[in-house]
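Sending over a structure as structure tokens; questions will come in a sec.
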Amino acid sequence: MMPDTETLPGDSAVPNVAVDPRLLEILVCPVTKTTLTYDRAANELVSKAAGLAFPIRDGIPIMLPEEARHLDGV
Amino acid sequence: MTEALTPAERKPHPRAALDADSVRAAYARWAGVYDAVFGGVSAWGRRAAVAAVNALPGRQVLEVGVGTGLALPHYAAGKRVTGIDLSGEMLARARARATGAATVEALLEMDAEATSFPDNSFDIAVAMFVASVVPHPRRLMEELRRVVRPGGDILFVNHFAAEKGPRWWAERAMAPASRALGWHPDFRLEALLPPEDVASADLRPMPPVGLFTLVRLRN
């Protein structure tokens, strides 16, 4: 009934390949291989175990530890 | 296109220095011209690999090093393809190419040696022109064994160094561009696969002149 994809920040100018919400659910942390949670407001995939938040830029999840935001002390 | 490279960039990469950062930097520089420069020479291998994937029964496909998405339009309608690449610049082009392609499930920026997929996520993994670029080919192989289900298939298309024969001229001609992209003209199958896998792998030389080989392994 509603559009089946969410519009993500930064997507307005670019046609988006839908990131399947089910895929976001099954992705695991590349460091710890533990589950991730999707922070909708920040548009990040959060690994509590690794203390990292992986960004989604232009609809593409960036699952690289060196690109992730460290959660410690913020 | 050589004039776009500085003298430092033209120097061969020492193998030990070929870390993920340098690979990413190389592909960021090359993203704009990659298709024009390498699309042609690699097209046979790419088409052969996708045809091999399409001939396999599995539905969930992982394309490692999806790059600019040159292979994406060629997958059979029944496949669901997840593409990963280390280079955001290359992925941006893949996304433009994949827009509207029903076979493309997702494009994700990942390190192929340490992905974000649970075990047994895919029926098939295919890596085209990737094996000789990653810093640790054996780790790539282990990771693909982990994310592909038991009984699934793992395919590579790559250049593997000729033991002997007439390929030397093609390899020499390719060498300067190969180095710019982190390819190694001297990359051997044994660097990717442990001995038992070398023995069991199905190897098919691809045109032109067998420069690339299609490797298939049962997981």
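Would you confirm, using the coordinates I've provided, whether B:Ala26 is part of a helix (DSSP H, G or I) and at pLDDT below 90? Break it down stepwise before answering.
On the way: part of a helix (DSSP H, G or I): yes; at pLDDT below 90: yes.
Yes; evaluated as a whole, the condition is true for this residue.
Continuing with the same structure: Given the condition in contact with a helix residue (DSSP H, G or I) (Cβ under 7 Å, 6 or more places away or on another chain), at pLDDT below 90 and open to solvent by less than 30 Å² (accessible area, probe 1.4 Å), answer yes or no: does some residue in segment B:141-161 qualify?
Yes; the residues of segment B:141-161 include at least one that is in contact with a helix residue (DSSP H, G or I) (Cβ under 7 Å, 6 or more places away or on another chain), at pLDDT below 90 and open to solvent by less than 30 Å² (accessible area, probe 1.4 Å).
Keeping to segment A:53-74, report how many residues are among the hydrophobic types (A, V, I, L, M, F, W, C) and facing chain B (nearest Cβ under 7 Å). Quick ask: steps written out before the conclusion?
Initially, segment A:53-74 is screened for residues among the hydrophobic types (A, V, I, L, M, F, W, C), giving A:53-54, A:56, A:60, A:62-64, A:68, A:71, A:74.
So of that shortlist, the ones also facing chain B (nearest Cβ under 7 Å) come out as A:60, A:62-64.
Total satisfying the criteria: 4.
Do you know which residues across segment A:56-74 are open to solvent by 20 Å² or more (accessible area, probe 1.4 Å), closer than 22 Å to B:Gly88 by Cα and at pLDDT 90 or above? Let's see the steps before the verdict.
So in segment A:56-74, the residues open to solvent by 20 Å² or more (accessible area, probe 1.4 Å) come out as A:57-58, A:65-67, A:69-74.
Now narrow it down to the ones that are closer than 22 Å to B:Gly88 by Cα: A:57-58, A:65-67, A:69-70.
Residues satisfying the conditions are A:Pro65, A:Glu66, A:Glu67, A:Arg69, A:His70.
Just the residues that are modelled with pLDDT of 90 or more, buried (at least 19 other Cβ atoms within 10 Å of the Cβ) and charged (D, E, K, R), please, taken from segment B:31-79.
B:Glu63, B:Lys79
Something else: Report yes if B:Val134 is of a type in the set (A, V, I, L, M, F, W, C) and either more than 26 Å from B:Ala77 (Cα to Cα) or out of contact with any helix residue (DSSP H, G or I) (no Cβ under 9 Å at 6 or more places or on another chain) (or both), otherwise no.
In short, yes.
Limited to segment B:94-115, what total is found for residues that are more than 7 Å from chain A (Cβ to nearest Cβ) and within 24 Å of A:Thr32 (Cβ to Cβ)?
The number of residues fulfilling the criteria is 2.
Then there's this: Identify, by number, the condition in (1) more than 14 Å from every other protein chain (Cβ to nearest Cβ); (2) without any contact (Cβ under 8 Å) to a residue 24 or more places away in the chain; (3) surrounded by 21 or more Cβ atoms within 10 Å (Cβ to Cβ) that B:His136 doesn't meet.
It is condition (3) that B:His136 fails.
When segment B:113-139 is examined, which residues are found to be in contact with an Asp or Glu (Cβ under 7 Å, 6 or more places away or on another chain) and under 19 Å from B:Val53 (Cα atoms)?
Matches in segment B:113-139: B:Ile124, B:Val126.
The values are calculated or read from the model by the stated rules, or taken from the named source; none is laboratory data. No experiment lies behind these values; they were computed from the predicted model shown. Note that we place each Cβ from the backbone using ideal geometry, even for glycine, and neighbour counts take in every protein chain shown. Please note that ligands, DNA and RNA were not included when accessible areas were found on the heavy atoms of the full protein model with its side chains. Shrake-Rupley method; radii C 1.70, N 1.55, O 1.52, S 1.80 Å.
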